[in-house]
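Colleague: Here you go, one structure.
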Amino acid sequence: MPHPVMQPLRRLALALVSATLLASPAWAGEFFERDGLAIGGHDVVAYFSGAAPVKGVAAFKAEFKGSTFLFASQANRDAFVADPAKYAPQYGGFCAFGLAGGYKAAIDPAAFSVVDGKLYLNYNRAVQKRWGADVPGFIAKADQNWPSVAAQTKVHN
């Protein structure tokens, strides 16, 4: 039987842990995650060589900045591990157009562009089309906003 003084302390500790978990972001690492995987398990290296996103497989995974990335092949995994900054999506994989507007938004892995060797993801194809109207301008705004927006825990879906 627990000591009577410990019961209120235990309840307080559980309440604090619960409040912390509820206030924490839905992702474990620094990147947009869906189902516990960065970019929803899509192979970020494949974006640089293909015209469409490719799902990774659990056999080829790597951790980077607290997020789990999956790859379609050992070669893609090895390329990422050798230079993750080269392949990691900009702005933590959140919607680049949203970042230009000052907020974090979810992404559709099929709405992407590679610009000057960097991967940018968008909320959906309609937003990607808007993004395409002024890519350099939106990148400049998103670059400016990212330092303050990076700490936001709310993600617009």
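Coordinate-derived values only; no laboratory data. Everything quoted here is computed from the prediction, not taken from an experiment. So basically every Cβ, Gly included, is an ideal-geometry build from the backbone, and we count neighbours across all protein chains shown.
Colleague: Taking every pair of alpha-carbon atoms in region 16-157, what share in percent sits in each 10 Å bin, from 0 to the bin with the longest distance?
Modeller: 13, 44, 33, 10, 1
Colleague: Where Lys and Arg each count +1 and Asp and Glu each count -1, what net charge lies around VAL127 among other residues with Cβ under 15 Å from its Cβ?
Modeller: +3
Colleague: Which three numbers, in whole Å and largest first, are the semi-axes of the equivalent ellipsoid of region 88-157 derived from its Cα gyration tensor as √(5λ)?
Modeller: That gives 16, 13, 11 Å for the three semi-axes.
Colleague: Skipping prolines and chain starts, which residues have an amide H placed within reach, meaning under 5 Å, of the one on VAL115, given they are 5 or more residues away or on another chain?
Modeller: For VAL115, the qualifying residues are TYR120.
Colleague: Listed here are the pairs LYS65/LYS86; LYS55/LYS104; LYS129/LYS154; LYS65/LYS129; which of them are more than 19 Å apart at the Cα?
Modeller: Over 19 Å apart, Cα to Cα: LYS55/LYS104; LYS129/LYS154; LYS65/LYS129.
Colleague: Same structure again: To the nearest 0.05, how large is the calculated FRET efficiency for HIS156 and ALA75 if R₀ is 35 Å and r is the Cβ-Cβ distance? Could the numbers behind the result be given before it?
Modeller: Numbers: r = 35 Å, r/R0 = 1.00.
It comes to 0.50.
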